[in-house]
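The values are calculated or read from the model by the stated rules, or taken from the named source; none is laboratory data. Because the structure is predicted, anything quoted here is derived from the model rather than measured. Note that we place each Cβ from the backbone using ideal geometry, even for glycine, and neighbour counts take in every protein chain shown.
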Amino acid sequence: MRAIILAVGVAAASIAAASQAEAVSRYNSTSMSCDRIKATVRAEGAVILRWRGNSGVPRYGRFVADGRFCSASERAEFSYVPSADRRSCGVRECKYWDPDDDIIFRFGRRD
């Protein structure tokens, strides 16, 4: 019985530790300068930025320092968010990537 309780405690502690490692900070991009946004993304690796779109609808996205913070089927591509000092601040965002999309097929004519 004591072994079961110990095993459950260890499992719960490891799950809690894993969920803490997954935490991502959230920031309002329009209250930060572009340089500060870039520095924050670089320092934390991945952040969630929020802003209001032109129609007033809240927008958000997950932005990363580089491709290491993307899943295997994604790659880091440039995207733009509004900042306090610029209309568009270039940051990287994970986008779905299919390797087949990069291959250009050229079929020659066979007579």
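Details
- Residue list for the range 73-88, filter: aliphatic (A, V, I, L, M), surrounded by 15 or more Cβ atoms within 10 Å (Cβ to Cβ) and part of a loop (DSSP other than H, G, I, E, B): none
- The residues of the range 44-60 that are over 17 Å from ARG26 (Cβ atoms) and of a type in the set (Ser, Thr, Tyr) amount to a single one, SER55.
- Among (1) closer than 30 Å to ASP100 by Cβ; (2) surrounded by fewer than 15 Cβ atoms within 10 Å (Cβ to Cβ) - the single one PHE63 does not satisfy: (2)
- Tally, over the range 62-71, of residues that are over 15 Å from PRO82 (Cα atoms) and touching a helix residue (DSSP H, G or I) at 6+ places or on another chain (Cβ under 6 Å): 1
- When residues in the range 32-61 are screened for being part of a loop (DSSP other than H, G, I, E, B), touching a residue at least 40 places away in the same chain (Cβ under 8 Å) and more than 14 Å from ALA84 (Cβ to Cβ), 0 of them pass.
- Among the residues of the range 2-31, the one identified as part of a helix (DSSP H, G or I), within 18 Å of PHE69 (Cβ to Cβ) and modelled with pLDDT of 95 or more is SER29.
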